[in-house]
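What follows is calculated from the coordinates using simple rules that are stated; it is not laboratory data. Everything numeric here is computed off the predicted structure, so don't read it as measured data. Here Cβ is always computed from backbone atoms with ideal geometry, including for glycine, and neighbour counts include all displayed protein chains.
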Amino acid sequence: MDKLKVQQLHDEIMEKVREYYRLCHAPAQNAPFEAGKSKVNYAGRVFDEKEMLNLTDAALEFWLTSGRYTKKFEKALAEYLGVRFALMVNSGSSANLLAFAALTSPLLGDRRVKRGDEVITVACAFPTTVAPVIQYGAIPVFVDVEAAGANIDTGALEKALSEKSKAVMIAHTLGNPFDLSAVKEFCDRHKLFLIEDNCDALGSKYKGKFTGTWGDIGTSSFYPPHHLTMGEGGAVYTDDPLLKKIMLSMRDWGRDCWCNSGEDNSCGCRFTRQFGKLPVGYDHKYVYSHFGFNLKGTDLQAAIGCAQLEKLAGFTEKRQENYRKLRDGLKDLKELTVFESLPESEPSWFGLLMTVSDDAGFTRNDLTGYLEANLIQTRNLFAGNILKHPCFETLVEGTDYRVSGTLENTEKIMNNSFWIGLYPGMGEAKLDYMISKIREFCRK
C-alpha cells in the first residue's frame, strides 16, 4: 500500500465533502424564513461539515459495526455526564429495553426483577418507557403526573408501593427534570432500582447534576429530533460496574466474554475455564451468561455522534433561550397554561408543552388544527395515556398492570395538551411567528 497516496486521496475526498456541505446542506440550513410559506418543524437536525467529515472517515475505514468511533463516543459521553460507564446502542427504545433487561439478571441476586414483580411508572409516557416492563412479565403500576410540569406526582409514590415493588422507571418529560430528590430518596429508602429515561433530556440538570446520572441507569436517544442525532442511536450509562457488565453482556448477544469485535482473548481465559455445564476450555467467545440481544450501533452512527457531542453545550443553551422566548410570549394568555420547571432544575427543553384551559372556548384540536394549517408542526404529549391505546386492549387491569390512585392530570393532558418545537435550529423569525399565530387564534 502506498500510504502517501492513500493519505492524499483521503484528504482530497474530505475536501470534496466540505465543498459538498457548503453547496448542498449549508444553504438549506441557513435559508431565510418566509412566514406562511416556510414550514416550522417541531424539530430538526442541526449539523455542519464536521458530522459529514466524520461519517465519511468512518465509511472509508469501512469498519461497519461498533469500533474506533464507538469507543471514542462512549468515552466522551461518560466524561461529559460525569459517569463511569456509557454504552452505545442502536436506539433510545433499545436503551430502555437494555436498561430494564439488566434488572432481570440473576447476577443481581434477590434484587433482580422477576415475573410478577412491580415497577412504578406513569401512563403519561412514551410507550417504550413502559413496554420493557410488560415484555418481561413484570407489572407496571401507574401513578398520575402533576399538572405544572407533566412529571410524576411524587406524592403518589408511597401509595403505589407494595411488597412486590422492585423499581421505578420514568422519563423527564420534554427535558423537564422530575423531582429527583423525592424520587431518589423514595427509591433509596425502599431499596428500589431507579431507571431515568433521559431520552428527551440530555443536558438537563437538577441541583447542578445531569439528569440520567441520579439513578442506577440512565438512557438516551439520538433519533433526529433529540438533543443529539445519529439518525438512529441511543445509549445507556451507569456508575455501577455490575450493571455495566450485565448491560454489555445483554447488548452483545448475552455473551459472557467482553472482548471487543475483532479482538480475541483480551479476557485472558478464552480456552482455559469452565462455564456452566460446558466442557472445560470451551471457547469463551461463545459462552452466554444471559438471554441477550444484538443492540449495538455502528461506527457510522458513532462518528456523527462524536461531532454532535462537541455541540451539546451550545445546543442546551439555545434550547433554554428558545424556551424563555416562547414562554414569555405566551404566558399572559389565560386560555393556555405553559408548563414550568422546578426551581432546582436547569432543563434542556425538548419542546414547549401547553394545556388549553377548560373555559378557553376552543379545544386543543381547534388550536393545533389552526397551527398546522399555518405550517406550524404540533405534537401531542406522546401516548397521552398509554392505557387508552390498542396495545392495552388484551391486558387485564389487576393482573397485567395496576393503577394506583386516579389519573386525573394524565387524562387532562391527553385531552387538552400539545407542544411545539424549540430546537437549536429554530431562528427568531420562527419563534416570533409561532407566538403570533397562537396569540392570533386566542384573540379570535
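For this structure, a couple of remarks:
- nm² value of the averaged projected area, convex hull over the Cα atoms of region 319-428: 9.3
- Hull volume in cubic angstrom per residue (convex hull over the Cα atoms of region 60-309): 121
- Cα-Cα pairs of region 68-173 separated by more than 22 Å (percent): 42
- Listed values for region 235-246 are Karplus-derived 3J(HN,Hα) couplings in whole Hz (6.51 cos²θ - 1.76 cosθ + 1.60, θ = phi - 60°), namely 7, 10, 8, 7, 9, 8, x, 5, 5, 4, 4, 5, and x replaces Gly and Pro.
- Sequence-ordered 3J(HN,Hα) estimates for region 368-374 from the Karplus curve with 6.51, -1.76 and 1.60 and θ = phi - 60° stand at 5, x, 5, 5, 4, 5, 9 Hz, glycine and proline given as x.
- Average projection area in nm² (convex hull over Cα atoms of region 254-376, one quarter of hull surface): 14.5
- Here the contact order of region 277-400, divided by its residue count and restricted to Cα pairs under 8 Å and six or more residues apart, works out to 15 percent.
- Label-to-label distance, Arg22 versus Phe362, with points set 7 angstrom from Cα along the beta-carbon direction: 4.6 nm.
- For the chain, the relative contact order comes to 22 percent (Cα pairs under 8 Å, sequence separation of at least 6).
- Footprinting exposure proxy for Trp349, Trp253, Trp258, Trp419 (fewest neighbouring C-beta atoms within 10 Å first): Trp258, Trp253, Trp419, Trp349
- Pairwise Cα inverse-distance average, inverted: Kirkwood Rh of region 1-141 (Å): 19.9
- Farthest toward positive dipole pole in region 101-210 [+1 Lys/Arg, -1 Asp/Glu at C-beta], among Leu107, Pro132, Val143: Leu107
- Normalised alpha carbon radius of gyration of region 83-127 [divisor 2.2 N^0.38 Å]: 1.35
- Think of each Lys and Arg Cβ as +1 and each Asp and Glu Cβ as -1; about the Cα centre, that makes the dipole of the chain roughly 640 debye.
- For the chain, share of DSSP beta bridges that run antiparallel, in % to the nearest 5: 55
- Ranking Thr70, Tyr206, Ala307 by Cα position along the charge dipole of region 60-309, where only Lys, Arg, Asp and Glu carry charges on their C-beta atoms, puts Thr70 farthest toward the positive end.
- Under 14 Å, Cβ to Cβ, from Glu340 - net charge with Lys/Arg +1 and Asp/Glu -1: -2
- Across region 223-229, coupling constants 3J(HN,Hα) worked out from phi with the 6.51/-1.76/1.60 Karplus curve, θ = phi - 60°, read 5, x, x, 7, 5, 10, 10 Hz, and Gly and Pro carry x.
- A dipole drawn for the chain from +1 and -1 charges on Cβ atoms has a positive end, and of Phe339, Val6, Phe418 the residue lying farthest that way is Val6.
- Close amide-amide hydrogen proximity is noted between Ser66 and Asp299, each under 5 Å apart and 5 or more residues distant or on a separate chain (H modeled in the peptide plane; Pro and chain starts excluded).
- Computed over region 114-233, the alpha-carbon pair-distance distribution with 5 angstrom bins reads 2, 12, 22, 25, 20, 12, 5, 1, 0, each value a whole percent.
- Relative packing of 139-150, 351-362, which averages over residues the other C-beta atoms within 10 Å, highest first: 139-150, 351-362
- Environment charge of Leu309, counting only residues whose C-beta is closer than 12 Å and scoring Lys/Arg +1, Asp/Glu -1: 0
- Sorted largest first, the spans of the alpha carbon positions of region 167-281 along the three principal axes are 52, 39, 21 Å.
- From the alpha carbon centroid of region 348-392 to that of region 56-77 is 39 Å.
- Region 209-258 - Rg over Rh from alpha carbon coordinates, Kirkwood radius: 1.04
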